[in-house]
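The values are calculated or read from the model by the stated rules, or taken from the named source; none is laboratory data. Because the structure is predicted, anything quoted here is derived from the model rather than measured. Quick reminder, even Gly has a Cβ in these numbers, built from the backbone with ideal geometry, and neighbours come from all protein chains shown. Ligands, DNA and RNA are stripped out before the accessible areas are found, and what is left, the full protein with its side chains, is counted by its heavy atoms. Shrake-Rupley method; radii C 1.70, N 1.55, O 1.52, S 1.80 Å.
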Amino acid sequence: MVDLDTLEHVADSDPSTLLAEAYDRHHQAVFSLAMMIVQNQDDAEAITLEVFSRAVREEQNRLTRHDSLAYWLLRTTRNQAIDKIRSKQPTPDSGSQPTHQAVVDLPIPAADLEPTVMLEESASKLRAKLNDLPQSQQEAIRLCYFEGLTQTQLAERLGEPRSIVKSRVRSGLLTLLETLTHE
Amino acid sequence: MSKSGHEPFDGLAALYAAGALNKREQVIFRAHLEVCRGCVQEVKSLLQVTQGLLQAAIPVVPATSLRNRVLNSTTRTIPHAKAPAYRKSKIKTGQQTAAGPPRQRPQPTIWIATLFVIVTAGIAAWYIPKLDHQISSLQRQLVELQSDLDSSTRLTQILELEIAAADLETDELRAVLSLLTTQNVQQLALTGQPRAPRASAVVFWTDSGDSTLLASGLPPLPIGDLYQLWLGGLDGPISAGLMAPDEDGYAAISLTVPDSVTMPVAMAITVEPASGVTMPTGDIYLLGQPTP
């Protein structure tokens, strides 16, 4: 929600200023997510640059709406990072799949579920809980969420039936949900 | 999540929230969300987790030079910043007030100048608080307008999502969406048999004859064969259509239902030659019957 201060701020600011503030507020989250997925500083920097460029080109109206902007930046970072790692894979994992497929975007929350910026303490708990999940659940969640595999690709990669991988993703996410709801 | 007809969608809420459904699966699942409150609730809950996961990376500080690179690079792409129009106008007015009288008027006498200063001060003392009040009121209105704008933006996002989903649909999927929003739709489940233990299907049955089948987990077909759907009637099985699954084992077809069949006593899917047969000859891959 925009308050009076923000409105005055918008009136006083040009897009360059808003971008600078958005960068200062969100760059670490964007860069950290990119690093986690691509595991390479140069690539993570290139992704950060591209994500903020896109924000200015396509999403200027979000620049003052911090929660909404944060989710958009992180969602775009995920997609860009997955794109980056896929573009570096010289051979397809399965014979019938093309080398470089478009990343399936994450669902956009409905109006009554406006994304919120998580406090570092909560993010840290979630991170710890993710690392505590059984290895099989952790792997399934990481592969689909941070490498962009679909359920079919996930089943192929893990050599398990789809029903099993589906169940692992669901169980893992439900455990993580408990962490969030019991705060 | 185990009610009749729901099996094809069991567990998909988690995969949907995690972005692990392909575009076709997303379209089908979104259609299902239109009619399944349980899945909507699960998606809503799990989206909190998946949104959180995006923020759960170990914090890493980038090089300080990245800030300049981002700002320099993006500054080239944004329109030249302009001061808001009202500010220009304000500044101009100020200049006129400060510099105008000496330039525009003939040289005033001292008493006229004194009188002018006194009158101006009096007007300012009366007018400035009133102006402050008006500014506060305008700011409140701006906040309300911005709030309305936020709602409109969210609505726009939802509409954009709908349009994107619609772009991905095949004619068959459009038919499914349409079907799901019509009244008197009954879902009939088919379960995988030993030849296809992971397969499942659901038939959206309508009295108007626009019935549709969605199947998943279908094994790849031998070359030259297709899956054939059968409706079990009192006079024996009647073919309701042929179909081939995609590479992920999904298939969706509109059923060919003779007027004489109001509700089949059973349904089955067999593998048959691609030209189709009048009576089933192959093994049964899926089987189901309406719930009494």
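For region B:214-283, with all protein chains in place and a probe radius of 1.4 Å, 59% of the accessible heavy-atom surface sits on carbon or sulfur. Rounded to the nearest 0.05, the FRET efficiency derived from the C-beta distance between residue A:21 and residue A:174 at R0 = 41 Å is 0.65. With each label modelled as a point 7 angstrom along the Cα→C-beta vector, the residue A:128-residue B:110 pair spans 8.1 nm. Remark: region B:183-288 carries 47 Å² of accessible area per residue (probe radius 1.4 Å; ligands, DNA and RNA excluded).
Between residue B:35 and residue B:132, the simple label model (points 7 Å from Cα in the Cβ direction) yields a spacing of 6.3 nm.
Using 0.36 nm per residue and subtracting the Cα-Cα separation, the extra length available between residue B:73 and residue B:256 on full extension is 60.0 nm.
Counting each pair of different Cα atoms once, what's the Kirkwood radius of region B:7-54 in Å, rounded to one decimal? Each step should come with its number before you reach the end.
On the way: mean 1/r = 0.0935 Å⁻¹.
Result for region B:7-54 stands at 10.7 Å.
Give me the Debye-computed log₁₀ of I(q)/I(0) at q = 0.17, 0.23 Å⁻¹ for region A:118-183, equal point scatterers on Cα only, no solvent, two decimals. Log10 of I(q)/I(0), two decimals: -0.58, -0.92. If a spin label sat at a point 7 angstrom from the Cα of residue A:164 along the line to its beta carbon, the backbone N atoms of region B:186-211 nearer than 15 Å would be those of B:198.
To the nearest 10, the accessible area of residue B:64 is 130 Å² with a 1.4 Å probe. A 1.4 Å probe over all protein chains sorts A:147, A:120 by accessible area into A:120, A:147, starting with the largest. Here r is the Cβ-Cβ distance between residue B:142 and residue A:88 and R0 is 45 Å; the resulting FRET efficiency, rounded to 0.05, is 0.40. Taking the square roots of five times each eigenvalue of the Cα gyration tensor of region B:183-288, the equivalent ellipsoid has semi-axes of 21, 15, 12 Å, listed largest first. Per-residue surface analysis assigns residue B:229 an accessible area of about 0 Å², computed on protein heavy atoms at 1.4 Å probe radius. With R₀ fixed at 56 Å, the C-beta to C-beta distance from residue B:64 to residue B:198 puts the FRET efficiency at about 0.60.
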